[in-house]
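Each reported figure results from applying straightforward, stated rules to the coordinates on display, with no laboratory input. All of these numbers come straight from a predicted model, not from anything done at the bench. Quick reminder, even Gly has a Cβ in these numbers, built from the backbone with ideal geometry, and neighbours come from all protein chains shown.
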Amino acid sequence: MRRYLVVANQTLMSEELRAAVRERLGNPPCRFHVVVPATPPRDHLSWTEGAARVIARERLEEALAWLHAEGAITTGSIGDADPVLAILDALPRDDFDEIVVSTLPPGVSRWIRQDLPHRLARRTEIPVCHIVAQVTALEESR
């Protein structure tokens, strides 16, 4: 069984990530663990860790509902605000075959500025698939 670790926050429901998940579902059996780092919301001048976790929880629940509707075997968790720590915390859950990281486009994405996909590949030695979501203004405001 192929096991995928999916990491996203604002782009969790993007069409690009959905397409990547559907592609993997087309080659069963497989299962997914979704990690949503509780990163600070971009559209708030001030925020609390609790508020970031509430937003992350809402996004996770929406994504898990979609994945279950697609027939995926799925689990999920809220992770640390630092996406690297969130991923490293999730790795002991399973022997993942691939990490799928979904980010906002360059210029907007903090994770790309942090070189997250390459850092993960070096730290984990697990193949990393980087999905860049082309989000609309409406999606960005979520």
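Taking the Cα centre of region 1-107 as origin and charging only Cβ (+1 Lys, Arg; -1 Asp, Glu), how large is the dipole, in debye to the nearest 20?
For region 1-107, the charge dipole is close to 180 debye.
Relative to the longest principal Cα axis of the chain, at what angle does helix 15-25 sit, 0 to 90 degrees, rounded to 10?
That helix lies at roughly 20 degrees to the long axis.
For region 2-140, what Kirkwood radius comes out of the mean inverse Cα-Cα distance, in Å?
Answer for region 2-140: a Kirkwood hydrodynamic radius of 15.0 Å.
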